[in-house]
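Heads up: the structure comes next, in structure tokens.
The values are calculated or read from the model by the stated rules, or taken from the named source; none is laboratory data. What you see is a predicted model, and the numbers here were worked out from it, not measured in a lab. We place every Cβ from the backbone using ideal geometry, glycine too, and count neighbours over all the protein chains shown.
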Amino acid sequence: MQYLMIVTSTSLLEAMSVVLIVALGLRFLAHRASKEDQLYYATFTREIEKRVERDDIGKVKVDDVEVYVEGLLDEVATHLPSRGVRVKMSDIDDNSTRKVMSVREYAGGSQSLIHSLKSETNAFKAKQKPNFNQLTQRVMGKDAHWVRLHNVFPIDSLIRLIDVLPGIFVVLGIFGTFVGINNALPRIAEIDFNNLSSSSGVLSLFVKDVAFSMQASIAGIGFSLLVSLLNTLFPISMVRDSIARRVEDCLEFLWYFVHGGKGVNQQAEAFSQMIVLLENIDQKINDPSSEIARSSGSESQQTDAFSKMIKLLENISQQFRNPASNQGNA
């Protein structure tokens, strides 16, 4: 115990400073990597949605889900940004070049997501809606750039450590404060208050221990505030969560399309037609000269007509709540 007190009083502040410097460096690298991942996955989801909407407008019919998904992914792969993979370029002629890439580089570079998704095509072939959160975790978990920082540090563990680091600094500061006080209190008994000049050495040690306890508290609180401020202004976990959610929504959008679900343009067109239909019905009901007003002889007939209208609207609403419903029924 005494050895721990001695080591703490001599090395705690230096150790806290080293931890802060290393944490700031790793945090900078993790934040930069998350921004690169954000660009990469944003490009991926944008290219997927662009092509699905194109096929939706062109009323493309998906006969073979696996062939369609793999073809779509091959198209998207040509538009993904580079992720730092070593690629050798050798000229073939003036207008074309050839890329030479190893299997390891393919699995860990800009094509890693495409490679992972192609191994999960069975999820898109399934008629039952898969768990897209788990599918996204499986696909992104195979991406070396996503799970490891520079292929060395597990980035999720690193981020969790950075998130709890402010609390660790506070605890270390409090620990240093108690160590300093514990070392200072016994020295009071060694002070000769009747002859302070002879106790100058003891007083110096006492002041040094008290100063250490104050410095430990200041360092713990200051380092904690610095890391907390960086975590607030430049969040990493929030960026990664938003990336994962966007990929999850993109995969779900693709699954609905290949299974005959309504695309964005089809939904917009159907809503427009429904609004026009309801406006026509409202206009005819309020117009005394309309056929509906003239034919609605009795109150019971009007009640039956409104009941049919309500059932029709309920059917329409149910079909819009189920995007994967048959388009013919819609």
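Quick look at the numbers
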| quantity | calculated |
| --- | --- |
| Number of the condition not met by residue 53 [criteria: (1) over 16 Å from residue 260 (Cβ atoms); (2) surrounded by 13 or more Cβ atoms within 10 Å (Cβ to Cβ)] | (1) |
| Within region 125-140, tally of residues that are outside any loop (DSSP other than H, G, I, E, B) and more than 24 Å from residue 38 (Cβ to Cβ) | 1 |
| Selection within region 61-114 - at pLDDT 85 or above, in a helix (DSSP H, G or I) and touching a helix residue (DSSP H, G or I) at 6+ places or on another chain (Cβ under 8 Å) | 65, 66, 68, 69, 70, 72, 73, 74, 75, 76, 77, 114 |
